[in-house]
Amino acid sequence: MARLVDAVAGLGVAVGAADIAMANLFLGVPISQVLEPTTTPAVVVQAWSDVMGKTSKLRDCDSLAVLLALATIANVLARGGSQLSLAVASRGWNLQRSTSEAALRLSGVEFNLGRRLLADRARRVAGRALLVEALATSSQVVVRAHSRDVQQRLFGMRATAYLLLARGEVAESRLPLLEASCSAFAQSRRLGDRSAQHSEHAIEALLRRNHLRPAESLLVEAETLLQVVGVGTRQLAEHAGDIASCRGQRFVAAGHHEQALDAYRRATAAYGAALSLPRREDDKADEELRAKRGYARLRAHHVSARLLVDVPNEELDGIIDDVECSEADPRTGLTPLPEALLCRAERYRAQGDLELAIRDLLRAIDVSPAESRHPEVIEFLTRAQSELSECQSERADRSLLAESFSSAG
């Protein structure tokens with residue numbers, strides 16, 4: 001028993017005496033007795049029957065005690081043997097099916113506990129370890145031995161586990177996890193999963209893959225999923241915005257500016273729709289969605305300038321309001337806010353309002369990471385300071401001209 005408890009504790013999960021006592025109640029006998037090699041197969045089979053019966057009555061099966069009980073049974077059933085096979089058969093069961101069922105149930109508890117712990121920053125390492133363990137345990141499941149619905153849930157669980165793990169990985173190691181996630185989601189779909197939650201996670205995996213290694217096929221697949229399920233949730237509407245934004249970037253790179261403008265406008269509308277939908281616990285906060293919308297609006301503004309399409313001042317005001325919520329790019333330390341302020345300053349200058357232009361330029365410089373030596377930051381600050389110098393010179397010239405007219409009068 002000590003070895004089993006140590007294995008669970010090795011995942012970063014503290015096992016207490018109360019957990020062990022409750023697991024013993026589920027089994028009907030102590031864990032140590034079930035694990036003992038000399039224990040008769042009849043006792044093991046009875047313990048398995050007790051675990052199935054008692055846990056099926058629980059409202060919440062995702063506890064450490066249930067995990068210990070199922071890990072105990074899965075460990076013993078995996079040993080196999082002719083005597084154990086006969087004992088299982090005496091109940092009208094099959095040893096391979098029972099072993100697979102135990103692994104299936106155990107992987108489900110590991111997954112749910114891992115996902116729960118992952119949301120807690122202090123216990124995130126333990127959560128990730130449990131998700132990894134859930135994937136390893138689920139690989140012991142004999143898929144064909146279970147019903148279509150069970151297979152669908154199994155692949156959905158595996159896909160989500162890979163996705164959750166990929167969220168916390170550095171860029172270099174995310175791609176294999178995301179590819180495995182997409183593959184498992186596809187299996188779950190083939191088995192009939194067309195739920196909104198499935199599509200939310202499946203599209204996220206596709207978009208994360210596209211971010212690491214852009215491919216038209218990934219965007220097409222994401223769009224197809226979205227068309228089937230619609231945009232009835234906040235996350236699905238956000239995904240619609242993300243897909244359109246990716247399209248806009250690709251169109252700009254290809255020089256198709258009319259299509260890019262349309263894509264960025266669709267992204268803006270989609271993020272706006274997401275903001276209007278109810279927020280669930282796992283959905284993005286309003287500030288994050290506004291930041292995305294602001295970025296799409298800013299990109300649309302740049303494309304409009306290329307196409308000589310007029311953008312009203314109110315749109316620039318709205319862009320700045322949105323990008324105020326943005327976080328800094330980890331590479332450069334820049335947010336989109338300084339760029340948006342520079343755009344509005346250029347507009348004010350063109351309209352002759354130098355005071356407002358200078359105000360925006362001073363703020364753009366102030367909110368930029370002046371200590372950064374990143375080339376993009378240096379380039380931006382050079383542009384902003386040059387524009388500020390020109391505006392200040394122009395203001396001084398106007399003042400001198402006004403004084404000259406006043407003296408002449």
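All of the numbers you see were taken from the coordinates with simple rules; none came from a lab. Note that this is a predicted model, so its numbers are computed, not measured. Methodologically, a virtual Cβ is constructed for each residue, glycine included, from the backbone with ideal geometry; neighbour enumeration extends over all protein chains shown.
Worth a mention:
- The charge dipole of the range 31-83, taken about its Cα centre with unit charges on the Cβ atoms of Lys, Arg (+1), Asp and Glu (-1) only, comes to about 100 debye.
- Where the Cα pairs of the range 244-321 fall when distances are cut into 10 Å bins, in %: 20, 48, 25, 6, 0
- Expressed per residue, the C-alpha convex hull volume of the range 45-186 stands at 115 Å³.
- Whole-number percent relative contact order across the chain, with pairs defined as alpha carbons under 8 Å at least 6 apart: 7 percent
- The 3J(HN,Hα) values that the Karplus relation (6.51, -1.76, 1.60; θ = phi - 60°) gives for the range 175-184 are, in residue order, 4, x, 5, 5, 5, 5, 4, 4, 5, 5 Hz. Gly and Pro appear as x.
- For the chain, the mean residue ellipticity at 222 nm estimated from helices alone is -25000 deg cm²/dmol, where every DSSP H run of n ≥ 4 contributes -39500 (n - 2.57) and the total is divided by all residues, rounded to the nearest 500.
- Multiplying the residue separation of Asp329 and Glu390 by 0.36 nm and subtracting their alpha-carbon distance yields 19.1 nm.
- Extent of the range 251-409 along its three principal axes (Cα atoms, max minus min coordinate, largest first): 68, 36, 34 Å.
- Applied to the range 312-317, the Karplus parametrisation 6.51 cos²θ - 1.76 cosθ + 1.60 on θ = phi - 60° returns per-residue 3J(HN,Hα) values of x, 4, 4, 5, 5, 4 Hz, with x for Gly and Pro.
- Principal axis dimensions, the range 166-236 - Cα atoms, whole angstrom, descending: 32, 22, 21
- When +1 charges are put on Lys and Arg Cβ atoms and -1 charges on Asp and Glu Cβ atoms, the dipole computed for the chain relative to its Cα centre reaches about 2140 debye.
- Rg in Å to one decimal, and Dmax rounded to a whole Å, for the range 1-125 via C-alpha atoms: 14.5, 48
- ³J(HN,Hα) computed for each position of the range 50-64 - Karplus, 6.51 cos²θ - 1.76 cosθ + 1.60, integer Hz, glycine/proline x: 5, 4, 4, x, 6, 6, 5, 8, 7, 5, 10, 8, 8, 10, 5
- Whole-number percent relative contact order across the range 264-409, with pairs defined as alpha carbons under 8 Å at least 6 apart: 16 percent
- Convex hull volume of the C-alpha atoms in the chain, normalised per residue: 173 Å³.
- Burial ranking of peptide ranges 128-134, 116-122, 41-47 (average Cβ count within 10 Å, highest at the top): 128-134, 41-47, 116-122
- Positive-end extreme of charge dipole, the range 186-265 - chosen from Ala222, Phe251, Ala202 (charges on Cβ): Ala202
- Helix 216-229 vs. the chain, principal-axis angle (Cα, 0 to 90°, nearest 10): 70 degrees
- The dipole here belongs to the range 207-276: it is taken about the Cα centre, uses +1 on the Cβ of Lys and Arg and -1 on the Cβ of Asp and Glu, and is about 180 debye.
- With all projection directions averaged, the alpha carbon convex hull of the range 300-365 covers 4.7 nm².
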